[in-house]
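Worksheet: the structure to be examined is printed underneath.
No value in this document is a laboratory result; all are computed from the given coordinates. Here the structure is a predicted model, which means the values were calculated and not measured. Cβ placement follows ideal geometry from the backbone for every residue including glycine, while neighbour counts extend to all protein chains displayed.
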Amino acid sequence: MVQQATLSPPETTALSDESGPLVLRLRPVFDLTDDQLAEIANLNDPLRLEWTAEGALEIMAPAYSRTGNRNIKLATRVTIWAEQDDTGETYDSSAGFRLPNGAVRAPDVAWVQHERLAALTSEQRDKFLPLCPDFVLELRSSNDRLALLDAKMREYLANGARLGWLIDPESRTVRIYRPDTPVQTLTKPESISGDPELPGFTLDLRPIWEPGF
């Protein structure tokens, strides 16, 4: 059973009001299964779809090109570390996770320990993994609402994540989320350490602040 994390209140004063996803409320008419959600997503590619714990479909446009470039750099760096560490697997933004609260979320980068994956059946591995990743990373695009991303990070923690990073290239800040710990905000850091949750991993943020094109 996942214990609910104790979090500091959302920091509303510093959060702006950019556009958010289109929300289609479906409950109590019906709930979407993993197969139905995947089929709807395939029919509406390249839209990005997520399912909320309240039974609503969140519809998002594809990421802007610069965001996509940053995303792949972040996923690559976490994957290189994960292959060397060899205690877990990395997932990119195309992978969905069925959280304990019923939501289906797709973090920009996620990492899950091998021992948790080993407890799943083959059928479970073929669908949205029925768990919350140990580590989640969200990268803010220029059209993302910071308040919504902050709420999503808190949802990950409440469902079992041990570490979360919310990276905002526009303000060059990184918000660090851990259970039972106030959110920490770093301004213009050149790098960030994943210890102790990601032992030995240090993310160089300079290519994210200056993507090169």
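Below are the figures for this structure:
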{"item": "More than 17 angstrom apart: percent of Cα pairs within segment 90-145", "result": "37"}
{"item": "Computed over the chain: relative contact order in percent, which uses C-alpha pairs under 8 Å that are six or more apart", "result": "21"}
{"item": "Sequence of M153, M60 once ranked by neighbouring C-beta atoms within 10 Å, starting from the fewest", "result": "M60, M153"}
{"item": "Taking N as its residue count, the alpha carbon Rg of segment 158-213 over 2.2 N^0.38 Å", "result": "1.19"}
{"item": "Rule-of-thumb Rg ratio for segment 21-62 [Cα; 2.2 N^0.38 Å; N residues]", "result": "1.07"}
{"item": "Extended-chain gain in nm, criterion 0.36 nm per residue less alpha-carbon gap, Q184 and T79", "result": "35.4 nm"}
{"item": "Phi-based couplings in Hz for segment 159-166 (Karplus 6.51, -1.76, 1.60; Gly and Pro marked x)", "result": "9, x, 5, 9, 8, x, 10, 10"}
{"item": "Distance histogram for the chain (every C-alpha pair counted, 5 angstrom bins, percent rounded to whole numbers)", "result": "1, 7, 15, 19, 21, 18, 11, 5, 1, 0"}
{"item": "Karplus-derived 3J(HN,Hα), 6.51/-1.76/1.60, for each residue of segment 68-77, Hz, glycine and proline x", "result": "x, 5, 5, 4, 5, 5, 5, 4, 5, 5"}
{"item": "Computed label-point distance, nm, for sites S171 and L148 using a 7 Å Cα→Cβ extension", "result": "1.7"}
{"item": "Nonlocal amide H pairs with V183, under 5 Å, H built at 1.01 Å", "result": "S8"}
